[in-house]
Amino acid sequence: MTKQSESYGASEDLVVEITAIQPRLYGFILKRLADHEQALEVLQNTNLVLCRKAGEFQKGSSFAAWAFTIAKFHSTWNLHLRRGDCAVLGYDDPCRGTCAMHSRLDFARRDSLLGGSSR
């Protein structure tokens, strides 16, 4: 990890970057999901990850590319959950992705990949 002065951390610069990119991120997510409510939820989750992982982002590299990569991951994850694509989620049995217990496991798996905790 880089020194705080070389990364965003919880700085004002991060807030400016995240605020500036919101319309573009929302449009990107909405185009992928075609559902307003789902797009807002994915945008919110994307913003949380951007904040949590801000210390890992190096100033000077493309913030937009980083943010869109995270948004793409969350959008794809959301689509797979909605479709019940169990193979993509790591399940052999297609029925496992449909029950509430496995949905919670899906969120836990997603959060472990992202280094955060769900809700």
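Summary table below
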| item | result |
| --- | --- |
| Test: residue in region 50-69 that is assigned to a helix (DSSP H, G or I), buried (at least 17 other Cβ atoms within 10 Å of the Cβ) and β-branched (Val, Ile, Thr) | no |
| Residue among 98, 69 that alone is β-branched (Val, Ile, Thr) and modelled with pLDDT of 60 or more | 69 |
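The values are calculated or read from the model by the stated rules, or taken from the named source; none is laboratory data. Note that this is a predicted model, so its numbers are computed, not measured. We place every Cβ from the backbone using ideal geometry, glycine too, and count neighbours over all the protein chains shown.
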